[in-house]
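Here the structure comes first, spelled out in structure tokens, and everything after it is commentary.
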Amino acid sequence: MQKGKASILFDNPVYIAGMASVAGKKEGEGPIGGSIDVVEQDPMFGTENWEQAESAMQKQAADLALEKAGIHRKDVRYLFAGDLLGQLIATSFGTVDLEIPLFGLYGACSTMGEAISLGAMCVDAGHADKVLSLASSHYATAEKQFRFPLGYGNQRPQSATWTVTGCGAVVLSKDKSCPGTLTPAIRVKGITTGKMVDMGTKDSMNMGAAMAPSAWDTISQNFKDFGIDSSYYDKIITGDLGQVGRKVLLDFMKHEGCDLTEKHMDCGLTIYDNHLQDTHSGGSGCGCAAVTLCAHILPMMQAKKWKRVLFVPTGALLSTVSYNEGQSIPGIAHGVILERCDGQETEAKGGAAR
């Protein structure tokens, strides 16, 4: 069911049938490290180069998500996946052995939101019974592509974020038949697809400032499309705005008369302890939101801490070419409504839920 300008309320429940997270040593030392399924101490993941390491991480997360869902690769109709690298080489090489039909996605750090949105649309429409959605990033591959190789040893400004080495994967299903379906069940209730927002930011070392306007736009659009306000959600969770971007987002929302200070959470400020781990503004990368979703957000919903959250992964859509040509950095954010099913579905203002 279409809602407003950019949202969909799914007619058929789309359930989280399995989830898995794989991350590096630094992420394992962070506040949610104890909840990450696999923490790999070797940043190379037993491979010969950084790009192969990210591919290995993707395959491990995908296989673990399927194992936890209690299903086989052949049971999955489509794979929606992406990473930060040119031509999606981490995904194309990392998922080849899965032999699952692939939709390769690039939404920068918003990719997990895009993967879940498209996967849920596919399941809701009856085009697939089960799909796998995942996204990854690796600190070394991202630094080499977008900034400087690690051996260069460049200094980073305080506004810079630290790319997460990690991968998160979820299995989406049309029903609760998978043995690993979360208990209590959690469904993807609806989505709000973000649009490109460009406020003219050109600093590649300040991704938070580039992405915050798009997060504000998507959250505001979600409220308008569903006829709700922030009280509908227990948490509104952005992907990787970090300290700088969070402040910008909260200022934008306050200007609209909406104070999200207590309700807002950012994955980039959750996966690391900025005081102890020296990540400057916080975490970033496709893996930031993906790992935090699987290792923290969904478990918190299972533990009945939160019933309903708006998950909003954020992305800065720059490339080395566009940056070197002096272009500004447009941002995008994709909203995913996640809801715990306690046996009775709730109504929202304006008919946002049934």
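The values are calculated or read from the model by the stated rules, or taken from the named source; none is laboratory data. These numbers come from a predicted model, not from an experiment. Cβ coordinates were reconstructed from backbone atoms using ideal geometry, including for glycine residues, and neighbour counts include every protein chain displayed.
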Which one is farthest from Ser281 (Cα to Cα), of the residues in the range 210-236 that are without any contact (Cβ under 8 Å) to a residue 60 or more places away in the chain and in contact with a Leu (Cβ under 9 Å, 6 or more places away or on another chain)? Ser230
Residue list for the range 263-304, filter: in contact (Cβ under 8 Å) with a residue 60 or more places away in the chain, assigned to a loop (DSSP other than H, G, I, E, B) and over 17 Å from Asn206 (Cβ atoms): Thr270, Ile271, Tyr272, Asp273, Lys304
Looking at Ser173 and the list (1) within 17 Å of Thr314 (Cβ to Cβ); (2) touching a residue at least 60 places away in the same chain (Cβ under 8 Å), which single condition is not satisfied? (1)
Taking the criterion of being within 18 Å of the chain's Cα centre (by Cα) and either surrounded by fewer than 24 Cβ atoms within 10 Å (Cβ to Cβ) or not in a loop (DSSP other than H, G, I, E, B) (or both), would at least one residue in the range 145-163 satisfy it? yes
Could you tell me whether any residue of the range 294-312 is crowded, with 17+ Cβ neighbours inside 10 Å, within 22 Å of Gln243 (Cβ to Cβ), at pLDDT 95 or above and basic (Lys, Arg)? no
Is at least one residue of the range 93-111 of a type in the set (Asp, Glu), touching a residue at least 24 places away in the same chain (Cβ under 8 Å) and either surrounded by fewer than 24 Cβ atoms within 10 Å (Cβ to Cβ) or farther than 21 Å from Val312 by Cβ (or both)? yes
